[in-house]
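A.B. asks: Handing you this structure, nothing more for now.
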Amino acid sequence: MTTSNRTFDIAVLPGDGIGREVMAACLELLSASETATGGPALRVTTHNAGAQYYLESGEALLAATLDACRAADAILFGSMGWPDVRFPDGTEIIPQLDLRMEFGLYAGVRPIRWFPGLPKILTDERARDIDFVLVREQTEGLFYARGRGEVIDNREAYDTMQITREGTARASEFAFRVAERRRARRGSARVTCVDKANVFTSMAFFRQVFDEVAAKHSEIGADHAYVDAMALMMVKKPWTLDVMVTENMFGDILSDLAAGLIGGMGMAPSADIGDTHALFQPAHGTAPDIAGQGKANPCAMFLSAAMMLDWLAERHDEPQLEVRARLIERAIEATLESGAAFPMEFGGSANCADMSRAVIAALPDAM
Ligand code: ATP
Ligand code: MG
């Protein structure tokens, strides 16, 4: 493999609550893994944003920070928001939604994979084979309603769901690209369109556009499921699932359910990907209930960083970054499997710092 001396600029936004805690651990792991593999360097610049920053400065997300994110090769994000910290108009501080819109990050990618040693939510042995990817359309759907809903005469309220051909087609195309990569690894792949086409016109349209995209990818299987049936399937036979694509709100709900399947939010990474930019963050929020205690499980943040390395590797043809991503995953696996450290989230005794020390210590053997 050729060694590259390239440097990639990473805009880091640690955010609030446990976002900051898991980010600090993640930056240590990224730097240790870079030393271990050699190859392209990551140049990290850290930017304050979020609820805490809003309290200090009166701004939640500076224009200069948006510019830095635009110029960077990738964005690494903790979590933002805090109960009761709101803008004067009462809306919540959720800069991640602004970043999604600003950079057209239309595909929310949530890989769900079983890791050894995790508490068995599902007692079936096949739970070990859980390995699926949820692709959530995240620029429209029911979230289109944000800031647009109305209450009429204090008697009725309305929100609008928006489904466009362009939005649905690009999310579906994205899901088929994910499936193609999985097919290369596993021999076959299938994309399931998750909708409610039997009730909503907008969802029937979503399904129609999905079918048009599917017809262009005949080498990949395609099918449909109603979202309620999918919720049942996720709990009953999650090991049969492969790649799913769904509307924004359905994806929001299903991805938390999916995280629950593998133990909890602390194991669920995510990526927000567009055509030119991408942001990587754990699927969890700022967890005010445990923030400030150093107890958070940093694995979801670590796995999100591995997704970032994979995305950079593919985009810039830098296979060494992919090697680094696999190294991080194997070190997490080894740590959990050996019990060298087991997260407090699952009843173990390892806090955030213990987890990150153990995963870093597992790097040499994971090479
Ligand atoms: P958001 O509105 O941003 O989705 P949320 O209110 O749904 O946030 P999360 O922060 O996602 O809350 O977390 C839900 C619960 O899961 C938390 O209260 C916390 O106890 C637990 N949790 C989340 N992430 C972690 C983690 N990394 N380690 C340990 N526990 C976690
Ligand atoms: Mg949540």
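A.B. asks: Pick from Ala49, Ala24, Ala60: which is surrounded by fewer than 21 Cβ atoms within 10 Å (Cβ to Cβ), of a type outside the set (Lys, Arg) and assigned by TED's automatic domain parsing to the domain that holds Ala325?
C.D. replies: Exactly one of Ala49, Ala24, Ala60 is surrounded by fewer than 21 Cβ atoms within 10 Å (Cβ to Cβ), of a type outside the set (Lys, Arg) and assigned by TED's automatic domain parsing to the domain that holds Ala325, namely Ala24.
A.B. asks: Within segment 131-148, count every residue that is at pLDDT below 95 and of a type in the set (Gly, Ala, Ser).
C.D. replies: Residues that pass the stated criteria total 2.
A.B. asks: Could I ask something else about it? Name every residue in segment 346-363 that is modelled with pLDDT under 95 and assigned to a helix (DSSP H, G or I), in order of residue number.
C.D. replies: Phe346 - this is the single residue of segment 346-363 that is modelled with pLDDT under 95 and assigned to a helix (DSSP H, G or I).
A.B. asks: For the structure I just gave you, tell me whether Ala225 is buried (at least 16 other Cβ atoms within 10 Å of the Cβ), touching a residue at least 24 places away in the same chain (Cβ under 8 Å), away from ligand 2 (no atom under 16 Å from the Cβ) and assigned to a helix (DSSP H, G or I).
C.D. replies: For Ala225, the condition - buried (at least 16 other Cβ atoms within 10 Å of the Cβ), touching a residue at least 24 places away in the same chain (Cβ under 8 Å), away from ligand 2 (no atom under 16 Å from the Cβ) and assigned to a helix (DSSP H, G or I) - is not met.
A.B. asks: Quick one: would you say Arg146 is within 24 Å of the chain's Cα centre (by Cα) and of a type in the set (Lys, Arg)? Steps first, please.
C.D. replies: Details: within 24 Å of the chain's Cα centre (by Cα): yes; of a type in the set (Lys, Arg): yes.
Yes; evaluated as a whole, the condition is true for this residue.
A.B. asks: Taking segment 341-356 on its own, how many of its residues are away from ligand 2 (no atom under 16 Å from the Cβ) and buried (at least 18 other Cβ atoms within 10 Å of the Cβ)?
C.D. replies: Qualifying residue count, segment 341-356: 10.
A.B. asks: Among the residues of segment 284-308 satisfying the criterion of being within 16 Å of ligand 2 (Cβ to nearest atom) and buried (at least 24 other Cβ atoms within 10 Å of the Cβ), which is nearest to the chain's Cα centre (by Cα)?
C.D. replies: Only one residue tops the list, namely Ser304.
A.B. asks: Say whether the condition of being at pLDDT below 95 and surrounded by fewer than 16 Cβ atoms within 10 Å (Cβ to Cβ) is met by at least one residue in segment 187-207.
C.D. replies: As a first pass, look at segment 187-207 and keep what is at pLDDT below 95: 187-188.
So of that shortlist, the ones also surrounded by fewer than 16 Cβ atoms within 10 Å (Cβ to Cβ) come out as 187-188.
So far as segment 187-207 goes, yes, one or more of its residues are at pLDDT below 95 and surrounded by fewer than 16 Cβ atoms within 10 Å (Cβ to Cβ).
A.B. asks: Now for a different question. Does Leu118 fit the bill of being buried (at least 19 other Cβ atoms within 10 Å of the Cβ), closer than 17 Å to Ile262 by Cβ, at pLDDT below 90 and among the hydrophobic types (A, V, I, L, M, F, W, C)?
C.D. replies: yes
A.B. asks: Got at least one residue in segment 151-167 being under 30 Å from Met267 (Cα atoms), modelled with pLDDT of 95 or more and out of contact with any Pro (no Cβ under 7 Å at 6 or more places or on another chain)?
C.D. replies: The answer is yes, given that some residue of segment 151-167 is under 30 Å from Met267 (Cα atoms), modelled with pLDDT of 95 or more and out of contact with any Pro (no Cβ under 7 Å at 6 or more places or on another chain).
A.B. asks: Continuing with the same structure: What tally of residues in segment 313-338 results from selecting those that are in contact (Cβ under 8 Å) with a residue 24 or more places away in the chain, of a type in the set (D, E, K, R) and closer than 13 Å to Leu363 by Cα?
C.D. replies: 4
A.B. asks: Please enumerate the residues belonging to segment 114-136 that are part of a loop (DSSP other than H, G, I, E, B), within 22 Å of the chain's Cα centre (by Cα) and aliphatic (A, V, I, L, M).
C.D. replies: Leu118, Ile121, Ile130 - these are the residues of segment 114-136 that are part of a loop (DSSP other than H, G, I, E, B), within 22 Å of the chain's Cα centre (by Cα) and aliphatic (A, V, I, L, M).
A.B. asks: All but one of (1) more than 11 Å from ligand 1 (Cβ to nearest atom); (2) of a type in the set (S, T, N, Q); (3) in contact (Cβ under 8 Å) with a residue 24 or more places away in the chain hold for Ser255; which doesn't?
C.D. replies: For Ser255, the exception is condition (1).
The values are calculated or read from the model by the stated rules, or taken from the named source; none is laboratory data. What you see is a predicted model, and the numbers here were worked out from it, not measured in a lab. Reconstructed Cβ throughout: ideal geometry from the backbone, glycine too, with neighbour counts over all protein chains shown.
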